[in-house]
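A short worksheet on the structure shown next.
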Amino acid sequence: MPTMMNHTGTSKTTKSACPACGGLECLCRPRFYAGQLLTESDLQALDHYIIAKNKLHNRYLHGTGVVCGLEVLCHECKGWVTIKSGYALDPCGNDIIVCEDYYFDLCAKIKECCDRKSKDWECEPMASPPPDCKDLEQCWYVTLRYKESESRGITALKSPRA
């Protein structure tokens with residue numbers, strides 16, 4: 001059962017079949033009028049609406065995967081790969097933009113995962129191969145994960161002191 005945004009711009013997510021993003025969010029576009037005093041929450045509601053609408057569009061109209069670039073090429077150093085710059089969409093509709101080529105020590109990461117030195121998400125759901133299967137061919141995937149980060153700090157306005 002969908003839940004609509006209220007007048008303050010808050011919303012709830014409805015249950016959906018999408019395990020990656022957790023559901024379909026019902027959106028309400030913030031409206032403004034002449035002379036309105038805009039607050040931080042008003043601007044955040046507008047920001048949230050625009051981002052959520054773009055993610056919805058990406059997720060349901062375009063799907064998931066590489067849009068352009070992001071080729072994985074052998075690097076001149078043994079065991080390393082070059083991930084070329086490019087653009088992709090994750091299962092939740094987030095834009096993933098790699099602005100410059102990235103160099104990755106693939107063999108070291110595979111060894112780390114097989115040795116189980118790394119207990120973090122980077123090796124999951126990888127399971128170490130049985131000890132008697134060391135010479136078998138294995139299939140590995142290089143994947144990207146979305147992470148939002150601020151690009152610059154913003155200083156709050158200060159009142160001038162006399």
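Every number here is computed from the coordinates shown, using simple stated rules; none is lab data. Computed from a prediction, not measured in an experiment: that's the story for all the values here. Cβ sites come from the backbone with ideal geometry, for glycine too, and all protein chains shown count toward neighbours.
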Tell me, what ³J(HN,Hα) does each residue in the range 103-109 have, in order and in whole Hz, if you take phi through Karplus 6.51 cos²θ - 1.76 cosθ + 1.60 with θ = phi - 60° and put x for Gly and Pro?
9, 9, 7, 5, 5, 5, 5
So for the pair ASP47, CYS92, with labels modelled 7 Å out along Cα→Cβ, what separation do we get in nm?
1.6 nm
Estimate the FRET efficiency between TRP80 and CYS139 by the formula 1/(1 + (r/R0)^6), using the beta-carbon distance for r and 25 Å for R0, to the nearest 0.05.
0.85
Read phi for every residue in the range 79-90 and hand back ³J(HN,Hα) as whole Hz from Karplus 6.51 cos²θ - 1.76 cosθ + 1.60, θ = phi - 60°, with x for Gly and Pro.
x, 9, 10, 10, 9, 6, 4, x, 9, 9, 10, 8
Pairwise centroid distance, computed over Cα atoms, of the range 32-68 with the range 91-109, Å:
24 Å
Label point distance in nm, LYS158-TYR103, each placed 7 Å from Cα along Cα→Cβ:
4.2 nm
